[in-house]
1. Which residues, taken from region 295-318, are on the phi > 0 side of the Ramachandran plot and within 13 Å of ligand 1 (Cβ to nearest atom)?
2. For Ser37, indicate whether it is at pLDDT below 95, of a type outside the set (Asp, Glu) and surrounded by fewer than 18 Cβ atoms within 10 Å (Cβ to Cβ).
3. Show the residue pairs that are 6+ apart or on different chains and have beta-carbon atoms under 7 Å apart, the first residue being within region 305-329 and in the same structural domain as Lys289 (by TED's automatic domain parsing), the second being basic (Lys, Arg) and in a helix (DSSP H, G or I).
4. Going by the structure shown, is Asn235 surrounded by fewer than 17 Cβ atoms within 10 Å (Cβ to Cβ) and either under 30 Å from Glu200 (Cβ atoms) or in contact with a Phe, Trp or Tyr (Cβ under 9 Å, 6 or more places away or on another chain) (or both)?
5. Determine whether Thr47 is within 30 Å of Gln186 (Cα to Cα), without any contact (Cβ under 8 Å) to a residue 24 or more places away in the chain and of a type in the set (Ser, Thr, Tyr).
6. Just the residues that are of a type in the set (S, T, N, Q) and either surrounded by fewer than 20 Cβ atoms within 10 Å (Cβ to Cβ) or part of a helix (DSSP H, G or I) (or both), please, taken from region 306-322.
7. Which ones in region 126-159 are over 19 Å from Pro207 (Cβ atoms) and within 13 Å of ligand 1 (Cβ to nearest atom)?
8. Going by what's in this entry, would Ser325 be described as more than 14 Å from ligand 1 (Cβ to nearest atom), at negative phi, of a type in the set (Ser, Thr, Tyr) and part of a helix (DSSP H, G or I)?
Amino acid sequence: MIIVLKKNTNPEEVQKLIADIESMGNIKANTIVGEQSNVIGLVGDTTRLNEDDIAANEIVESVKRVQEPYKMANRKFHPDDTVIEVPSVNGPVRIGGDRFQIIAGPCSVESAEQITEVAKAVKQSGANLLRGGAFKPRTSPYAFQGLHSQGIRLLLKAKEETGLPIVTEIMSPAHLPLFEEVDVIQVGARNMQNFELLKELGSVKKPILLKRGLANTLEELLMSAEYIMASGNPNVILCERGIRTFETATRNTLDLSAIPMLKRASHLPVIVDPSHACGLAWMVEPMAKAAAAVGADGLIIEVHNNPQKALCDGKQSITPAAFDSLVRTVRPFVELNGKTL
Ligand code: PEP
Ligand code: MN
């Protein structure tokens, strides 16, 4: 971090600022005296420093951070890819590294028949994890809100029948006891910056699928991952699911550049959700191919056995037959990147 001081600062005040900063931890301040202004260069662990707090000081002209504010999620401190293991009856499902994993299932769990039928079909086509929302974050309070604990019970039944580990979204820390047998806990886009929820998930040792918020930067996404990791849970999977732009032809805009950028900045696995990104069933396959081509570690895809009758997100849900074809057409793009599906 670089602190530029105002002209003619009182040396005693400068010393006091340096002492305050150095008392914050393992930080060393080096002062450079120039003709026009004086500069303090900080080296060491600056993660606990806040630029705005320092800039609020009377003698400070400007502050510039030169190192990322996240540490545990940072590839600089962990050069190798993190591979997250999701236990399953058929052996661990590995996410990250040279593996490419597909999570598939309906937007929401609607009935025992629906979730079990979809689970069997997507497993047959090559999905290794089953998704399904039990707690649904809906824009309208009058829309279907999910089956809640009953939805989780139905997911567990589908898991029992297929052996697929399950992925489902949590919306409140108060619901954590219901997630005891859930294999991967999803934090949805709307809760990416629910910091109390993120801290609670730090005390859980299960993998967390953290989705990017509707209007959040990649640094903000990584800071949210840092919340979970700094609270004790290193098992975070990042998910790009489209962001809000001025474009209205698609539900969101899939930020493909986020994938190589996140993979460069962080060692955590990065998966892509083309379903919520484009909002159109016919566009899921081309965007899934694109995601695989730019280096994603996997996909999360909405599949419904009767999209026209889906209680949530039918327009973007693909049929089991379309999913089967998607897995086959995505494979060459996965292999292009030296990964195996
Ligand atoms: C979902 O996965 O069903 C979902 C609600 O996703 P997002 O949080 O990305 O909107
Ligand atoms: Mn959905």
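1. Passing the criteria: only Asp313.
2. Details: at pLDDT below 95: yes; of a type outside the set (Asp, Glu): yes; surrounded by fewer than 18 Cβ atoms within 10 Å (Cβ to Cβ): yes.
The answer is yes for Ser37.
3. Thr329/Lys289
4. Numbers: surrounded by fewer than 17 Cβ atoms within 10 Å (Cβ to Cβ): no; either under 30 Å from Glu200 (Cβ atoms) or in contact with a Phe, Trp or Tyr (Cβ under 9 Å, 6 or more places away or on another chain) (or both): yes.
When the stated conditions are applied, Asn235 does not pass them.
5. Details: within 30 Å of Gln186 (Cα to Cα): yes; without any contact (Cβ under 8 Å) to a residue 24 or more places away in the chain: no; of a type in the set (Ser, Thr, Tyr): yes.
No.
6. So the first thing to find is which residues in region 306-322 are of a type in the set (S, T, N, Q), and the list is 306, 308, 316-317, 319.
Selection gives Asn306, Gln308, Gln316, Thr319.
7. First, the residues of region 126-159 that are over 19 Å from Pro207 (Cβ atoms): 126, 136-151, 153-154, 157.
Answer for region 126-159, where residues must be over 19 Å from Pro207 (Cβ atoms) and within 13 Å of ligand 1 (Cβ to nearest atom): Lys136, Pro137, Arg138, Thr139, Ala143, Phe144, Gln145, Gly146, Gly151.
8. Details: more than 14 Å from ligand 1 (Cβ to nearest atom): yes; at negative phi: yes; of a type in the set (Ser, Thr, Tyr): yes; part of a helix (DSSP H, G or I): yes.
Criteria met by Ser325.
The values are calculated or read from the model by the stated rules, or taken from the named source; none is laboratory data. Computed from a predicted model, the values in this text were never measured in an experiment. Ideal geometry is used to build each Cβ from the backbone, glycine not excepted, and the neighbour counts take in all protein chains shown.
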